[in-house]
Protein chains: 2
Amino acid sequence: MGRKRKEAPRAEPAAGNGILSRRFFLERTLAAGAAGLGASAAAAEPLAVPPWSREPGSDFTAYGQPSRFEGKVVRSWAAPANPATPGIGSSRTPHHLLDGTITPSALHYERSHSGVPDIDPEQHRLLIHGLVRQPLVFSLEDLSRYPRVSRIAFIECAGNSGALYTAQAQPLNVQAIHGLLSCSDWTGVKLSALLDEAGIDPRAKWVLAEGADASGMSRSFPLAKALDDAMVCLYQNGERVRPSNGYPLRLLLPGFEGNMNVKWLRRLKLVDAPIMTKDETSKYTILLKEDKAWQFVFPIEVKSIITRPSPGLTLKGPGFYEISGLAWSGNGRIRRVEVSADGGQSFAPAVLQEPVLPKALTRFRAAWQWGGGPAVLQSRATDETGMVQPSRAQFVAERGLRGNFHYNAIASWRIDQAGEATNVFA
Amino acid sequence: MGRKRKEAPRAEPAAGNGILSRRFFLERTLAAGAAGLGASAAAAEPLAVPPWSREPGSDFTAYGQPSRFEGKVVRSWAAPANPATPGIGSSRTPHHLLDGTITPSALHYERSHSGVPDIDPEQHRLLIHGLVRQPLVFSLEDLSRYPRVSRIAFIECAGNSGALYTAQAQPLNVQAIHGLLSCSDWTGVKLSALLDEAGIDPRAKWVLAEGADASGMSRSFPLAKALDDAMVCLYQNGERVRPSNGYPLRLLLPGFEGNMNVKWLRRLKLVDAPIMTKDETSKYTILLKEDKAWQFVFPIEVKSIITRPSPGLTLKGPGFYEISGLAWSGNGRIRRVEVSADGGQSFAPAVLQEPVLPKALTRFRAAWQWGGGPAVLQSRATDETGMVQPSRAQFVAERGLRGNFHYNAIASWRIDQAGEATNVFA
């Protein structure tokens, strides 16, 4: 048919094992004939009238919830090591069941070191002190008087993808491996504005941030970051920051590892050197292969994951599939994402969903014609600084397997002939 | 002090009655001394240790909720005209209590003509028929096979701000007047892809869209829109579309009046002329001054509202305030927003929060030094097509007060000496 001839170029291969050209996405229509997509022409009409079209529906709600049919779209977490102290650890975002780039606040990953405090915003205070001209204390009412800024930014736990620091690949899904990652529209006050009001002593070079949770979570970060793009956040995705993400006040250090974005922020102390708190000595230090460690590795390195297909989302027979995922870098914008269906032997560029924002999740998509045979799907991101996500072999050769944190090697899903996806090392 | 001298230029006036230059926002630090912001230096240290810092917090949650202290941040709606048929009407977004540009899905405005249907996604079908080569029916599983796109887009009810179609200003707040407006990150399939698969008959010029709710809400829209940027949405802000916003499938016609973004989408019929359904004849037609009406006015015209200060958010004495609001246009990007504190006698440009996206809400901010006297706050938006939001006098002169829909004149909040804001016509 003329239709097939017209559309064939759009379905042209771009890499091995069925990866198609991104022209498939960039043109208006689909290479539907070539791709064999799923609509049914049989008995299209008349469409049956379902029961919910026959009776009035339900009333408005003050604060809405998802459909009752979406009960599986939830965060997951491991049972606590000590049942007497819940809320120590983390819960994970179900990225295999989401799309777009904004993470619903209800599904933003949680990480707490002594549970989620129940803070009365009227009583909460933020203290700025140390090497300042004048210590200041702010109520939320005080903070509400300052000019605000908004930015869409990801937060990723330093320990995200830590399950890949093993010799053998574990049978885990995208939520279990990569779920300590989320992205929100944050609104608050520029930290530089608050520090300017307190008056920065020229000896100040670092800032200690401390949370109001019972663990007193605290980290040191360079003053230069405070004066660059740090924010004290009051709002997350339009509404007040959620309790497990720092209500009523969270520090945002865009692009820096998650724990430094101190939640329940109560204190900022300007100091001349890092404080070496428990949270930056006993934790969040990257062990290397030999008897060395990296400390104070702040920005999240360039990284990407494929969220679909992924374990648990079984492919329903050969044909067209969208490969979709997320890419991000703590150092700026994503410049390029490439995908492979043959375990990295060949790559082709994916489409990046606009707008591509700095230090935010970027959704990428690629077209894949699955022939029904084995495949290994990979994505490889490059950021605007030119940093490229390393292969696992490169990563392990450089850092070994003891690091715990900042794992950013290319990840692989193996697709078997039944259409099942599995975490593999390739 | 040298500090004041250095910072004084940043607090320079830009329009009457205290509107400051937007350099106040664009430079790194604040003109804090000049503005008299709210931090307290007295007894800053030691900071009291609150009770929630003394005991472990709560556990992780599968699907999170706001803090119990945020119970006032809810949608509002009028009691139904007939208590036997709830869910006919609309509920409104509390924009005075939100910030940023993404509306939480839980607070997205709701508009339904026969309540919210409880749709089983396994049973739901979308039919594409009429002037097509081959009628097709799609299950959600079918639709999940197609390539996806995402975009941040506003939806505004045609009747939003309809409360301003009165001779006398009513004592209403931003939620009651302007709350039929929300903005989400939508993800779905391009409608053009589905129509291409069905095969468009050259005689087709319009599309009928019908919902699966009991009202059978249905609208006609030009085929050109379907082939431009129309989407069939599966996801809203990362997760599946919420029930009151069309679960499991919503049509998105970016920039077109809300009701045309048909929820619970079950049927698209290609036709050669508009169908003249009940929803586009008895409703959603704009009455003009004389015996004329506008029909099929689809895109939302350029518009803006000030969300803060606004009624209910009392100013706490003279000093610095951020004037913050939202601007949007169904015809593209916002190019400029100007604010006035003297009822429109003088305007100065506001800062637009990046990224400024087409057919999406754009947050604007301006700096205001309130002297404590009476003021009338206004915002005036201009879009990239050059359209400028009209004054109320211009709008009423052109359209009269019987229109019900598409009110987009400049809105005014009067601030009295007690710091209370009131809806006024100015």
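The values are calculated or read from the model by the stated rules, or taken from the named source; none is laboratory data. Predicted model, so just to flag it, every value in this text is computed and none were measured. So basically every Cβ, Gly included, is an ideal-geometry build from the backbone, and we count neighbours across all protein chains shown. Protein only, heavy atoms only, side chains kept; ligands, DNA and RNA dropped before computing areas. Shrake-Rupley method; radii C 1.70, N 1.55, O 1.52, S 1.80 Å.
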Next item on the list: Could you list, in sequence order, all residues of the stretch A:215-235 that are hydrophobic (A, V, I, L, M, F, W, C) and either more than 9 Å from chain B (Cβ to nearest Cβ) or within 22 Å of A:THR285 (Cα to Cα) (or both)?
Entry: A:MET217, A:PHE221, A:LEU223, A:ALA224, A:ALA226, A:ALA230, A:MET231, A:VAL232, A:CYS233
Margin query: Among the listed residues A:GLN134, A:GLN170, identify the single one that is at pLDDT below 95, assigned to a loop (DSSP other than H, G, I, E, B) and open to solvent by 20 Å² or more (accessible area, probe 1.4 Å).
Written below: A:GLN134
Next item on the list: Being away from chain B (no Cβ under 14 Å), without any contact (Cβ under 8 Å) to a residue 60 or more places away in the chain and open to solvent by less than 10 Å² (accessible area, probe 1.4 Å) narrows it down to one of A:VAL376, A:VAL302, A:VAL337, so name that one.
Entry: A:VAL337
Item checked: Among (1) touching a Lys or Arg at 6+ places or on another chain (Cβ under 8 Å); (2) outside any loop (DSSP other than H, G, I, E, B); (3) open to solvent by less than 20 Å² (accessible area, probe 1.4 Å), the one test that A:ALA176 misses -> (3)
Note to self: Against the definition (surrounded by fewer than 17 Cβ atoms within 10 Å (Cβ to Cβ), under 30 Å from A:TYR247 (Cα atoms) and either within 7 Å of chain A (Cβ to nearest Cβ) or among the charged types (D, E, K, R) (or both)), how does B:ARG68 come out, yes or no?
What the structure shows: yes
Notebook entry, point to check: Name the pairs whose Cβ atoms lie under 6 Å apart, with the first residue in the stretch A:414-425 and under 15 Å from A:THR166 (Cα atoms), the second surrounded by 15 or more Cβ atoms within 10 Å (Cβ to Cβ), and 6 or more positions between them or separate chains?
Noted result: A:ASN423/A:ALA169; A:ASN423/A:LEU172; A:VAL424/A:ALA169; A:VAL424/A:SER412; A:VAL424/A:ARG414; A:PHE425/A:ALA169; A:PHE425/A:ARG392
Next item on the list: Tally the residues that are surrounded by fewer than 18 Cβ atoms within 10 Å (Cβ to Cβ) and of a type in the set (A, V, I, L, M, F, W, C), restricting the search to the stretch A:137-153.
Entry: 1
Notebook entry, point to check: Out of (1) within 7 Å of another protein chain (Cβ to nearest Cβ); (2) crowded, with 18+ Cβ neighbours inside 10 Å, the odd one out for A:PRO94 is which?
Noted result: (1)
Notebook entry, point to check: When you go through B:LEU268, B:LEU313 one by one, which is the residue that is open to solvent by 20 Å² or more (accessible area, probe 1.4 Å) and either within 11 Å of another protein chain (Cβ to nearest Cβ) or more than 14 Å from the chain's Cα centre (by Cα) (or both)?
Noted result: B:LEU313
Next item on the list: Name the residue, out of A:PRO121, A:PRO147, that is within 29 Å of the chain's Cα centre (by Cα), modelled with pLDDT under 95 and within 7 Å of another protein chain (Cβ to nearest Cβ).
Entry: A:PRO147
Next item on the list: Would you please name the residue that is modelled with the lowest pLDDT, looking only at residues in the stretch A:382-412 that are of a type in the set (S, T, N, Q) and in contact with a strand residue (DSSP E or B) (Cβ under 7 Å, 6 or more places away or on another chain)?
Entry: A:ASN404
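Yes/no per residue for (1) charged (D, E, K, R); (2) open to solvent by 20 Å² or more (accessible area, probe 1.4 Å); (3) under 21 Å from B:LEU357 (Cβ atoms); (4) without any contact (Cβ under 8 Å) to a residue 40 or more places away in the chain:
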residue: B:GLU197; (1), (2), (3), (4): yes, yes, no, no
residue: B:SER218; (1), (2), (3), (4): no, no, no, no
residue: B:PHE221; (1), (2), (3), (4): no, no, no, no
residue: B:GLY238; (1), (2), (3), (4): no, no, yes, no
Check: Can we say A:ASP120 is in contact (Cβ under 8 Å) with a residue 24 or more places away in the chain, out of contact with any Gly (no Cβ under 6 Å at 6 or more places or on another chain) and of a type in the set (Asp, Glu)?
Finding: no
Item checked: Scope the stretch A:340-373; condition open to solvent by less than 30 Å² (accessible area, probe 1.4 Å), of a type in the set (S, T, N, Q) and under 20 Å from A:GLY100 (Cβ atoms); matching residues -> A:THR362
Notebook entry, point to check: Say we look at the stretch B:109-131 and pick out the residues that are hydrophobic (A, V, I, L, M, F, W, C) and within 24 Å of B:SER90 (Cβ to Cβ); which of these is surrounded by the most Cβ atoms within 10 Å (Cβ to Cβ)?
Noted result: B:VAL116
